[in-house]
Amino acid sequence: MPTPSVLVFDVNETLVDIESLAPLFVDLFGDERVLREWFAQLVMYSMSATLADSYVKFSTLAQGVLRMVGDVHRVDVSDDDLHRLKTGLVTMPAHPDAAEALAGLRDNGFRLVTLTNSPPNPDGPTALQSSGLAEYFERQLSVDACRAFKPSPAVYRYVCDALGVAPADCMMVAAHVWDTLGAQNVGFSAALITRPGNPPLPVDGLSQPDLVAADMRELAARLITG
């Protein structure tokens, strides 16, 4: 694999910790595992909306899916609960391995950008800014500019157009196989960060990540040493 010059990072779960939302799900459902159910449904319906040529902001969809999951579990989800979710989505903390790894990659000449399903936040800081990680990136790109969610090919091509680079120059770094598959489909290389609950998908006929790392420190070490 040629060494990429541009590292394109997913944000939610890859860099910031969605487990910080667990108290909301414990309060509502009495079970923090419903967080994963909600997140899986959110990802599924973001893809469904894109395939159906429809688009709403990720935060709006996130709130609607929470109400839907509430209906499934026969739990009333209030407007206050939706506000708590919306606030939580932009205040998730960074994973403890992220800042050190990003600093090392930046200092070794890699261009660092983000590509997230989350929209810009007109009312305050984004999750990346709240987490303290924004300083490491030259650009914060959102699929909102394309009105389509990952893994649509359009969003990865948008990154190349915005930066003036070729797909072969880029590596997608994500904790989700659906994201690495989308990026590889347009010619990116890909690294999978195996956050808890996010292993590789060993299926013949599907592109496998070029790198698999347990955390950001391992990824940085392997890219820096070549």
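The values are calculated or read from the model by the stated rules, or taken from the named source; none is laboratory data. Nothing here was measured: the structure is a model prediction, and the numbers come from that model. Neighbour counts are summed over all protein chains in view; Cβ atoms, including those assigned to glycine, are modelled from backbone coordinates with ideal geometry. Please note that ligands, DNA and RNA were not included when accessible areas were found on the heavy atoms of the full protein model with its side chains. Shrake-Rupley method; radii C 1.70, N 1.55, O 1.52, S 1.80 Å.
Filtering D144, D97, D161 for residues that are surrounded by fewer than 17 Cβ atoms within 10 Å (Cβ to Cβ) and not polar (S, T, N, Q) leaves a single hit, D161.
Might you let me know whether the stretch 85-92 holds any residue that is in a helix (DSSP H, G or I), open to solvent by 60 Å² or more (accessible area, probe 1.4 Å), under 30 Å from M171 (Cα atoms) and in contact with a helix residue (DSSP H, G or I) (Cβ under 9 Å, 6 or more places away or on another chain)? Looking for residues that are in a helix (DSSP H, G or I), open to solvent by 60 Å² or more (accessible area, probe 1.4 Å), under 30 Å from M171 (Cα atoms) and in contact with a helix residue (DSSP H, G or I) (Cβ under 9 Å, 6 or more places away or on another chain), one finds at least one in the stretch 85-92, hence yes. Just for the stretch 1-24: of the residues that are outside any strand (DSSP E or B) and among the hydrophobic types (A, V, I, L, M, F, W, C), which one is modelled with the lowest pLDDT? If we take residues in the stretch 1-24 being outside any strand (DSSP E or B) and among the hydrophobic types (A, V, I, L, M, F, W, C), then M1 is modelled with the lowest pLDDT. Among the residues of the stretch 25-64, how many are closer than 22 Å to L115 by Cα and part of a helix (DSSP H, G or I)? Matching residues across the stretch 25-64 total 21. I want to confirm something. Restricting to the stretch 100-136 and keeping residues that are in a loop (DSSP other than H, G, I, E, B), out of contact with any Pro (no Cβ under 8 Å at 6 or more places or on another chain) and modelled with pLDDT under 95, which single residue is surrounded by the fewest Cβ atoms within 10 Å (Cβ to Cβ)? Top of the filtered list is P122. Can you tell me which residue is least open to solvent (accessible area, probe 1.4 Å) among those in the stretch 193-213 that are among the aliphatic types (A, V, I, L, M) and either assigned to a loop (DSSP other than H, G, I, E, B) or farther than 17 Å from E13 by Cβ (or both)? If we take residues in the stretch 193-213 being among the aliphatic types (A, V, I, L, M) and either assigned to a loop (DSSP other than H, G, I, E, B) or farther than 17 Å from E13 by Cβ (or both), then L211 is least open to solvent (accessible area, probe 1.4 Å). Determine if the stretch 12-27 includes at least one residue that is open to solvent by less than 50 Å² (accessible area, probe 1.4 Å), acidic (D, E) and within 20 Å of the chain's Cα centre (by Cα). Yes: one or more hits. Among the residues of the stretch 137-192, write down those that are more than 13 Å from L7 (Cβ to Cβ) and in a strand (DSSP E or B). Q140, S142, L192 - these are the residues of the stretch 137-192 that are more than 13 Å from L7 (Cβ to Cβ) and in a strand (DSSP E or B). Answer yes or no: is there a residue in the stretch 104-119 that is in contact with a Leu (Cβ under 6 Å, 6 or more places away or on another chain), of a type in the set (D, E, K, R), within 25 Å of P2 (Cβ to Cβ) and without any contact (Cβ under 8 Å) to a residue 40 or more places away in the chain. Yes, there is a match, as at least one residue in the stretch 104-119 is in contact with a Leu (Cβ under 6 Å, 6 or more places away or on another chain), of a type in the set (D, E, K, R), within 25 Å of P2 (Cβ to Cβ) and without any contact (Cβ under 8 Å) to a residue 40 or more places away in the chain. Cβ-Cβ contacts under 8 Å between residues 6 or more apart (or on different chains), taken from a first residue in the stretch 4-28 that is in the same structural domain as P196 (by the TED database) to a second residue that is among the acidic types (D, E) and open to solvent by less than 10 Å² (accessible area, probe 1.4 Å), are listed as D10/D179.
Just one residue in the set V173, V165 is among the β-branched types (V, I, T), in contact with an Asp or Glu (Cβ under 8 Å, 6 or more places away or on another chain) and under 23 Å from G109 (Cβ atoms); that residue is V173.
For the stretch 104-155, a tally of residues being more than 20 Å from M172 (Cβ to Cβ) and among the small types (G, A, S) returns 3.
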